[in-house]
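A short write-up of the structure that comes next.
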Amino acid sequence: LRRRTCCRGAGACRFSRASRWSASAGSSLLIDGAFVESQSAEWGDIVNPATQETIGHVPYATLDEVDAAIASAQRAFQTWKTTPIGARLRIMLKFQDLVRRNLERIAHTLTAEQGKTLPDAQGDIFRGLEVVEHACSIGTLQQGEFAENVAGGVDTYTLRQPIGVCAGITPFNFPGMIPLWMFPMAIVCGNTFVLKPSEQDPLSTMQLVELAIEAGVPKGVLNVVHGGKTVVDRLCTHPDIKAISFVGSTRVGTHVYNLGSQHGKRVQSMMGAKNHAVVLPDAHREQSINALVGAGFGAAGQRCMATSVVVLVGQARDWLPELVEKAKALKINAGHEPGTDVGPVVSKAAQARITALIDAGVKAGAKLELDGRNVKVPGYEHGNFVGPTIFSGVTTDMSIYTEEIFGPVVVVLEADTLDEAIALVNRNPMGNGVGLFTQSGAAARKFQSEIDIGQVGINIPIPVPVPYFSFTGSRGSKLGDLGPYGKQVVQFYTQTKTVTARWFDDDATAGGVNTTIAL
Ligand code: NAD
């Protein structure tokens, strides 16, 4: 973060114009239907993690700019909330078509600013696109309920009404998918929205936002502000914000949940993880090991659903050398290079944090089976690379087990029985995702019933639910009852109103005053 003044004034930013990666919106703010350059004196760099090229700059919006975005959303809500369902969903139909047609272009920007491989960047956007597709079903998703004759001549029914201005705060690791978890569903329900993307990689998110405007999202219905804690805290405390969707670390998500709740807002905080994969000896050996390697090291381990702990049960202990061999064979390179398996991590700070945790694991006495420190990638010598790293002999008190490393590091633990493995997973404070690898239906049924984790995969390494279900989480991975997308998010973004109604016939006889509650 630094101070600079060269971006003052619309269109004056040479960086966002010059960069071949940037969208025309660059890292502008979107306020009241217009992409505008921030007047802030504080800006951060957007850096390509493979090359260290500065590909853009992001403003830390002023509080006046945040307030202007919220005021615009508040004004727009007055008409948007009564806009017919068909008009709302037709904008989403257009939006999904535009995202589909621009997916490859946006994926290039995403890889350039985030580091993940190009096919993975396409997947990132595609998983968000599926939520936009689902938003097109709002006609049936937002229906209320009706019961006729709950008493003589009395009917009861529910209305699901939008709640007002909602805010979204997103992390760096899925700049395509996670913003698309939020604003399409919020606005298709009749709300207006203020989005605060990750300051580390906002360019691809802004390209999606541009497409939403092109699709016909009216002025003020979607706004974007950039920044960090100051901006987030304003969103959490502003009286006109009614609901906040947060995705990010447990530390920040807990802060957002507490601050937003104290200020009377609905908050859903989807947070950090330490995802275990439990491997029983009867599992399909090759499929399981392939799945573990893909889920542990894909996206350089920077997925909230990455497998970061492998628990080998019984004779599955013997599978460790094969796991190490497969991980060793992965190709580390810049994300845009064809055939890359593992790209760089997002920043020098992330690289230093991950490396320090690996050092701590060695110091604590875990056995370093595969060391990803100090990898050098020809042509990308300055890239933030950490290669696949595997520890065995890990105990639950080591920081490589207790902390979310959020890098390409897998720690291997052992258990004698399925019961022991379930107890181990349930003792970990995080509850985001878990996998079980087995060919036994009975073991799988017991596991899914007893495990206290939001997303459970049975021979599925990264069980992110499709958009007609909801993403969930338990314990340290989630605060708030309702998860993103699916049916739950329609509840989150709407207020249920229950109407009990009686209509009198002209010739009905009056029954007199009744001061008792009806029996
Ligand atoms: P982060 O918590 O650092 O940042 C998330 C957002 O909060 C960003 O927009 C950031 O600008 C803002 N922020 C950062 N510091 C803040 C502060 N002190 N006060 C207020 N706001 C602040 O997370 P990240 O590093 O961008 O993302 C990685 C984390 O996100 C990991 O922990 C990962 O597990 C988690 N994640 C969770 C899910 C899920 O669904 N559970 C999905 C993706 C990522």
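FYI, it's all coordinate maths here, none of it is from the lab. Since we're looking at a predicted model, the values are computed, not measured. Note that each Cβ is placed from the backbone with ideal geometry, even for glycine, and that neighbours are counted across all protein chains shown.
Farthest towards the positive end of the charge dipole of the chain, among the residues Thr117, Ser72, Ile358, is the Cα of Ser72, using unit charges on the Cβ of Lys, Arg, Asp and Glu. Listed values for segment 36-48 are Karplus-derived 3J(HN,Hα) couplings in whole Hz (6.51 cos²θ - 1.76 cosθ + 1.60, θ = phi - 60°), namely 10, 6, 5, 8, 5, 8, 10, 9, x, 8, 9, 10, 5, and x replaces Gly and Pro.
With 5 Å bins beginning at zero, the pair-distance distribution over Cα atoms of segment 430-519 amounts to 3, 11, 13, 14, 12, 7, 6, 5, 6, 6, 6, 5, 4, 2, 0 %. Considering only Cα atoms, the convex hull volume of segment 128-268 works out to 134 Å³ per residue. Take every Cα pair under 8 Å whose residues are at least 6 apart in sequence, average their separation, divide by the length of the chain, and the relative contact order is 17 percent.
Across segment 187-194, rounded Karplus estimates of 3J(HN,Hα) from the backbone phi angles (6.51 cos²θ - 1.76 cosθ + 1.60, θ = phi - 60°) give 7, 5, 7, x, 8, 10, 9, 10 Hz, Gly and Pro being marked x. Charge tally for Tyr493 (other residues, Cβ to Cβ under 10 Å; Lys, Arg +1; Asp, Glu -1): +3. P(r) tail for the chain: Cα pairs beyond 38 Å make up 31% of the total.
A simple rule links phi to the HN-Hα coupling: the Karplus curve 6.51 cos²θ - 1.76 cosθ + 1.60 with θ = phi - 60°, which for segment 450-464 gives 9, 7, 9, 9, x, 10, 10, x, 9, 6, 10, x, 10, x, 6 Hz, with x for Gly and Pro. Summing Cβ point charges (Lys, Arg +1; Asp, Glu -1) relative to the Cα centre of segment 416-519 gives a dipole of roughly 280 debye.
What you get for segment 363-420, charging only the Cβ of Lys and Arg (+1) and of Asp and Glu (-1), is a dipole of about 480 debye around the Cα centre. For segment 185-245, the gyration tensor built on C-alpha atoms gives an oblate shape. Its axis ratio a/c (a ≥ b ≥ c) is at least 1.5, and a/b is not larger than b/c. The shape of segment 19-156 comes out oblate: with a ≥ b ≥ c from the C-alpha gyration tensor, a/c is at least 1.5 while a/b does not beat b/c. Near the amide H of Gly457, within less than 5 Å, lie the amide hydrogens of Val434, Gly435, Leu436, all on another chain or at least 5 residues away, with H placed in the peptide plane.
Between amide H atoms placed 1.01 Å from N, distances below 5 Å from Ile55 occur with Ile46, Val47, Asn48, all of them 5 or more places distant or on a separate chain.
In terms of its alpha-carbon gyration tensor, segment 78-152 comes out prolate; a/c meets the 1.5 threshold, and the first ratio a/b outweighs b/c. Annotation: peptides 199-206, 359-366, ranked by per-residue average of other Cβ atoms within 10 Å with the highest first, follow the order 199-206, 359-366. Rounded to the nearest 10 degrees, the angle from helix 348-364 to the longest Cα principal axis of the chain is 60 degrees. With all pairs of separate Cα atoms included, segment 280-384 yields a Kirkwood hydrodynamic radius of 15.1 Å. Charges on Cβ only, +1 for Lys and Arg, -1 for Asp and Glu, centred on the Cα centroid of the chain; of Ala423, Ser269, Ile462, which one is farthest towards the dipole's positive end? Selected residue: Ser269. Using only side-chain charges placed at the Cβ, +1 for Lys and Arg and -1 for Asp and Glu, the dipole size of the chain relative to its Cα centre rounds to 1020 debye.
Could you work out [θ]222 nm for the chain from helices alone, using -39500 (n - 2.57) per DSSP H run of at least four and dividing by all its residues? Round to the nearest 500 deg cm²/dmol.
Details: 16 runs with 191 residues, N = 519.
Calculated mean residue ellipticity at 222 nm is -11500 deg cm²/dmol.
Give the cross-link partners of Lys229 among the aspartates and glutamates, using a straight C-alpha distance below 18 Å as the criterion and excluding same-chain residues fewer than 8 apart. Partners within reach: Glu42, Asp45, Asp64, Glu65, Asp67, Glu199, Asp201. If you fit an axis through the alpha-carbon atoms of helix 118-135 and take the longest principal axis of the Cα set of the chain, what angle between them do you get, 0 to 90°, nearest 10? Helix 118-135 sits at roughly 20 degrees to that axis. Projecting the Cα atoms of Gly486, His238, Val58 onto the charge dipole of the chain, computed from C-beta unit charges around the Cα centre, puts Val58 farthest toward the positive end. Are any of the pairs Lys328/Lys367; Lys242/Lys497; Lys265/Lys478; Lys94/Lys219; Lys326/Lys363; Lys348/Lys376 more than 19 Å apart by Cα-Cα distance, and if so, which? Correct reply: Lys326/Lys363.
Give me the net charge of Asn290's neighbourhood, meaning all other residues with Cβ under 11 Å from the Cβ of Asn290; Lys, Arg count +1, Asp, Glu -1.
Its environment carries a net charge of 0.
Compute the helix-to-body angle for 63-80: its Cα long axis versus the longest principal axis of the chain, expressed 0 to 90° and rounded to tens. It is inclined by approximately 50 degrees.
Straight Cα distances below 22 angstrom link Lys446 to the lysines Lys274, with same-chain residues fewer than 8 positions distant left out. Taking amide H as placed 1.01 Å from N in the peptide plane, Arg373 has its amide H under 5 Å from the amide H of Gly387, each at least 5 places away in sequence or on another chain.
Pairs of Cα atoms nearer than 8 Å and 6+ residues apart set the relative contact order; for segment 120-164 it is 25 percent.
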